Structures are given as C-alpha cells and as structure tokens.
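The values are calculated or read from the model by the stated rules, or taken from the named source; none is laboratory data. Computed from a prediction, not measured in an experiment: that's the story for all the values here. With ideal geometry, Cβ positions are generated from the backbone for all residues, glycine too; neighbour counts draw on all protein chains shown. To get the accessible areas, we keep the full protein, side chains included, count just its heavy atoms, and leave off ligands, DNA and RNA. Shrake-Rupley method; radii C 1.70, N 1.55, O 1.52, S 1.80 Å.
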Amino acid sequence: MSEGLPTYKLIYFNARGRAEHIRYIFAYAGIDYIDERIPKERWPELKKSMPYGMLPVLEIDGKPIAQSNAVARYLARKHNLTGRDEWEAMMCDVLVDTLGDLKQSISQYRTEEDHCKKEEKKAKLLKETIPFYLNKFEQTVGENGGYTVASTTTWADFVFAVALENFENIFGATALENYPGLRALKKRVHEIPAIVGWLAKRPHTEF
C-alpha cells in the first residue's frame with residue numbers, strides 16, 4: 001500500500017452474502033484490501049470483538065466499522081459511485097434500502113423451519129412480494145437506460161447485481177425471465193473488466 005493511503009481489511013465469512021457488494025466496489029476502484037474470511041467455527045470467539053457482534057466489518061487503518069451499507073456508501077462516496085449529485089446519491093440509498101426490504105422477506109422464507117409455513121411464505125413470495133418489487137425495479141432500470149440510477153454506474157448497481165445473482169441461485173435460473181432489464185443490468189455489471197477479474201478469482205461459495 002502506498003504511503004498516505006488507508007489500509008483496509010474486510011472481515012466476513014467465506015461467502016458472498018452481505019459483503020460482496022463491498023468487494024465489487026474494491027475491485028471496480030482498484031483498491032487493495034485484505035479479504036479475511038472467518039471460518040464458521042471461529043465465529044463464536046470472534047463475535048465478542050466485533051462492534052455490534054455482526055459481520056461484515058471493515059477495518060480502516062485498524063479501526064473497525066460495522067454495517068455493510070454504511071461501509072459501501074463511504075467507499076462509494078470516496079470513489080465516485082454515488083451518482084452526480086445529492087439527489088442521485090439519495091436515489092441510490094432509496095433503491096438499496098428498498099431492495100433490502102425484499103431481501104428481508106426472502107431471508108424470512110429461507111430461515112423458516114416449519115415446513116408448512118415455509119411453503120406458505122414461498123407461495124406468497126412468488127405470487128405477490130417478488131413480482132411487486134421486481135416490477136418496480138424493472139421499470140426504474142428501464143427509465144435509467146439499464147442502470148439503477150441516472151444512466152451511470154453506481155454502488156447501487158453492484159448491490160443489485162449481487163442480489164440478482166443470489167436470487168437466481170435460490171429460485172432457479174429462470175427466475176428473472178420476466179425481467180429483461182434486471183437481467184441486462186446484472187450482465188452489464190458482470191462484464192465490467194474489473195468485476196470480470198474479481199469474479200474469475202473469487203472463492204466459489206454457495207451464497
């Protein structure tokens with residue numbers, strides 16, 4: 001690392017999960033960082049040392065910072081990935097937070113242990129919740145020329161690309177067949193040369 005530049009260590013599990021959009025930002029911006037992947041068996045002992053007992057955590061010059069989207073916004077601001085003005089920065093936040101609502105619903109389905117309730121949640125997701133959100137996002141991407149915000153690459157594009165990849169992993173390769181704009185967004189992000197380089201070398205994980 002060059003003198004005067006901050007040092008970064010991203011601490012997370014060996015998964016894409018809540019850290020992958022941060023890794024995309026690092027890759028896109030050409031930032032060196034330590035990608036520390038914690039084995040699940042070590043987590044109970046390390047949990048007490050994390051700011052809020054959760055991961056991911058980004059250490060900036062040794063100072064631990066929690067909350068994945070707060071970290072991503074910070075890095076995005078530093079590397080011109082929040083749009084062209086405050087309004088576009090806010091729209092990034094709106095879309096990322098709204099996508100977070102959908103991801104929360106999917107997470108509740110995936111972690112449901114009661115088989116009958118799990119099937120009920122899945123049916124509601126596929127019939128109501130997912131189409132509601134994805135149709136809204138599809139419209140937004142169409143209005144913005146294939147981007148989430150204002151026809152320019154932002155960190156929101158990375159959040160969506162990661163989430164859409166996971167979405168296909170959960171619900172199958174045809175899950176986005178009715179959303180060509182979202183499929184094209186994911187494809188565009190995954191064809192950015194710096195992201196291509198990251199995808200080629202990242203560890204293979206289920207999620």
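Data for the structure
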| item | result |
| --- | --- |
| Theoretical FRET efficiency, 1/(1+(r/R0)^6), r = Cβ-Cβ of His79 and Ala150, R0 22 Å, to 0.05 | 0.85 |
| Proximal lysines to Lys48, defined as alpha-carbon separation beneath 16 angstrom and excluding residues fewer than eight positions away on the same chain | Lys40, Lys63 |
| Helix-only mean residue ellipticity at 222 nm for the chain, each DSSP H run of n ≥ 4 adding -39500 (n - 2.57), per residue, nearest 500 | -17000 deg cm²/dmol |
| Residue-normalised accessible area of the chain, given per residue in Å² at a 1.4 Å probe | 56 Å² |
| Largest-first ordering by accessible area, 1.4 Å probe, given options Met90, Met50 | Met90, Met50 |
| Estimated distance in nm for a label pair at Lys124 and Lys63, the labels positioned 7 Å out from Cα along Cα-to-Cβ | 4.2 nm |
| Three-way shape call for the range 53-156 based on the alpha-carbon gyration tensor, with the a/c threshold at 1.5 | oblate |
| Accessible carbon and sulfur surface of the chain relative to its total accessible area, %, 1.4 Å | 50 percent |
| Cleavage-rule hits, trypsin sites (Lys or Arg not before Pro), the range 1-55, DSSP coil, Cβ neighbours within 10 Å at most 15 | Lys48 |
| Partners for Lys136 among lysines (Cα-Cα distance below 30 Å; same-chain residues under 8 apart left out) | Lys78, Lys103, Lys117, Lys118, Lys121, Lys122, Lys124, Lys127, Lys186, Lys187 |
